[in-house]
Amino acid sequence: MLEIQGLYKHYGKFTALNGLNLELKKGELFGFVGPNGAGKTTTMKIVSGLLNADAGDVFVDGINIRKDKKKLKEKIGYMPDFFGVYDNLKVVEYMEFYASIYGIEGKPAKKLIYELLELVNLSECAGNYVDGLSRGMKQRLCLARCLIHDPELLILDEPASGLDPRARFEMKEILRNLNHKGKTIIISSHILPELSQMCSTIGIIQKGTMVLKGTVEEIMQQMNVSNPLLIQVVEGQDKVISLLKRNPFVENIAIKGSNYSIGFKGNKVEEANLLHSLIENDIRISSFFRQEGTLESLFIQITKEEEGEKIEV
Ligand SMILES: Nc1ncnc2c1ncn2[C@@H]1O[C@H](COP(=O)(O)OP(=O)(O)OP(=O)(O)O)[C@@H](O)[C@H]1O
Ligand SMILES: [Mg+2]
């Protein structure tokens, strides 16, 4: 559905996008995460055709966005990270205005607008002034506006920012619902755990480069490998160190009494092999597990790295 290849964008001497790559399949609900200034909005604006890249290619459903802006606009619904001021405009009038841009008028427009307002739980506010809506309502209205031309790809720049927990929950439900209806969705956020609950895939951008992309499970697995393996040894401590040192996946060992904290770069199978070899050598183990981390700690760890080392998942 979306293919971004080697995207570069400079603002003067500043490099905002530094060879960004991304590939999304139809039906993905993709969480685009990164710290302030990482390049999320820049990427989204380029994909939506609102900003030109300096180099690189973007294909939306096979369409080269440089070559066919008109077709691109039919395919994409873009929700910006800010909401303008709409003096003296009612919710319905606001929607009618956007419908007319796409040539939808009269009865079909009314029907569509009421369906969309229903979808974003705003039916009861149809006659209210836009400027009188709460922030959460405005954001939902903005989403409804993006859906007017029934786009296949939704690009939503921080749709849940500034919302209270209840409004965030509602926004998430609406987006899940849209995804189930077949829309491919990109949502940006600074908050990784929040996206991980609803997104099928997550990408982490740092200084204009995608440093990590995968399913939530893949990312958790990647994170787990960087957490220590914790082993408690009841008997056979004299042999443990030499056995551990012989294992190619052991990177370092810290010992506190009978507790061993091991930097272990192996996967689950290699963990099982290590446990097996310890038991085979008559070492009695009372516990053996990976220290659990959180997605938040992974995010902080990745985005702290100065040059953002590439980790392929
Ligand atoms: N019009 C502009 N002129 C100059 N620099 C810009 C412009 N737009 C963005 N930048 C810079 O490019 C970098 C990337 O900005 P961008 O808005 O894409 O980041 P972001 O990931 O969306 O951040 P945030 O989480 O704060 O929304 C930032 O350092 C920003 O200062
Ligand atoms: Mg932004």
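The values are calculated or read from the model by the stated rules, or taken from the named source; none is laboratory data. Being a predicted model, the structure only gives us computed values, none of them experimental. All Cβ positions, glycine included, derive from the backbone under ideal geometry; neighbour counts span all protein chains shown.
Yes or no: region 94-114 includes at least one residue that is closer than 21 Å to L154 by Cβ, within 16 Å of ligand 2 (Cβ to nearest atom) and out of contact with any helix residue (DSSP H, G or I) (no Cβ under 8 Å at 6 or more places or on another chain).
Checked against the condition, which is being closer than 21 Å to L154 by Cβ, within 16 Å of ligand 2 (Cβ to nearest atom) and out of contact with any helix residue (DSSP H, G or I) (no Cβ under 8 Å at 6 or more places or on another chain), region 94-114 yields no hits at all.
Residues are listed down the side, and each one gets a yes or a no for (1) within 16 Å of F83 (Cβ to Cβ); (2) outside any strand (DSSP E or B); (3) within 16 Å of ligand 1 (Cβ to nearest atom); (4) more than 24 Å from the chain's Cα centre (by Cα):
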{"position": "I113", "(1), (2), (3), (4)": "no, yes, no, yes"}
{"position": "K138", "(1), (2), (3), (4)": "yes, yes, no, no"}
{"position": "L141", "(1), (2), (3), (4)": "yes, yes, no, no"}
{"position": "P151", "(1), (2), (3), (4)": "no, yes, no, no"}
{"position": "K172", "(1), (2), (3), (4)": "no, yes, no, no"}
{"position": "I185", "(1), (2), (3), (4)": "no, no, no, no"}
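Please enumerate the residues belonging to region 267-294 that are under 39 Å from the mean Cα position of the chain (by Cα), within 17 Å of S242 (Cβ to Cβ) and either among the hydrophobic types (A, V, I, L, M, F, W, C) or not in a helix (DSSP H, G or I) (or both). Explain how you work it out, then say what you get.
As a first pass, look at region 267-294 and keep what is under 39 Å from the mean Cα position of the chain (by Cα): 267-276, 286-294.
Retained after the next criterion (residues that are within 17 Å of S242 (Cβ to Cβ)): 273-276.
Matches in region 267-294: L274, L275.
Which residue pairs have Cβ atoms closer than 6 Å, lie 6 or more positions apart in sequence or on different chains, and pair a first residue in region 273-292 that is touching a residue at least 40 places away in the same chain (Cβ under 8 Å) with a second residue that is among the aromatic types (F, W, Y)?
Pairs that qualify, where the first residue is touching a residue at least 40 places away in the same chain (Cβ under 8 Å) and the partner is among the aromatic types (F, W, Y): there are none.
State which residue is farthest from ligand 1 (Cβ to nearest atom) when the search covers only region 52-85 and only residues that are in a strand (DSSP E or B) and in contact with a Cys (Cβ under 8 Å, 6 or more places away or on another chain).
Only one residue tops the list, namely G77.
Collect the residues in region 238-258 that are over 17 Å from R284 (Cα atoms) and among the β-branched types (V, I, T), keeping them in residue-number order.
Correct list: V250, I253.
Go through (1) more than 29 Å from T43 (Cα to Cα); (2) in contact with a helix residue (DSSP H, G or I) (Cβ under 7 Å, 6 or more places away or on another chain) one by one and return the number of the condition G162 breaks.
All conditions are met except number (1).
One residue is enough: does region 46-53 have a residue meeting the conditions touching a strand residue (DSSP E or B) at 6+ places or on another chain (Cβ under 9 Å), within 23 Å of K213 (Cα to Cα), in the same structural domain as E218 (by TED's automatic domain parsing) and not small (G, A, S)?
Scanning region 46-53 turns up at least one residue that is touching a strand residue (DSSP E or B) at 6+ places or on another chain (Cβ under 9 Å), within 23 Å of K213 (Cα to Cα), in the same structural domain as E218 (by TED's automatic domain parsing) and not small (G, A, S).
When region 32-51 is examined, which residues are found to be within 12 Å of ligand 1 (Cβ to nearest atom) and part of a loop (DSSP other than H, G, I, E, B)?
Within region 32-51, G34, P35, N36, G37, A38, G39, L50, L51 qualify.
Quick check: anything in region 1-13 hydrophobic (A, V, I, L, M, F, W, C), modelled with pLDDT of 90 or more and within 16 Å of ligand 2 (Cβ to nearest atom)?
Going residue by residue through region 1-13, those that are hydrophobic (A, V, I, L, M, F, W, C) are 1-2, 4, 7.
Filter once more, keeping what is modelled with pLDDT of 90 or more: 1-2, 4, 7.
The next check asks that each one be within 16 Å of ligand 2 (Cβ to nearest atom); those that pass are 7.
Yes, because at least one residue in region 1-13 is hydrophobic (A, V, I, L, M, F, W, C), modelled with pLDDT of 90 or more and within 16 Å of ligand 2 (Cβ to nearest atom).
Which residue, of V240, V234, is more than 25 Å from K25 (Cα to Cα), modelled with pLDDT of 90 or more, crowded, with 19+ Cβ neighbours inside 10 Å and not assigned by TED's automatic domain parsing to the domain that holds L143? Before you say what the answer is, go through the steps one by one.
Numbers: V234 fails: crowded, with 19+ Cβ neighbours inside 10 Å.
Checking each option against the conditions leaves just V240.
I'd like the full set of residues that are touching a residue at least 40 places away in the same chain (Cβ under 8 Å) and farther than 17 Å from N177 by Cβ, limited to region 149-167. Spell out the reasoning first.
Start the filter on region 149-167 by keeping residues that are touching a residue at least 40 places away in the same chain (Cβ under 8 Å), which leaves 149, 151-159, 161.
Result: H149, I155, D157, E158, S161.
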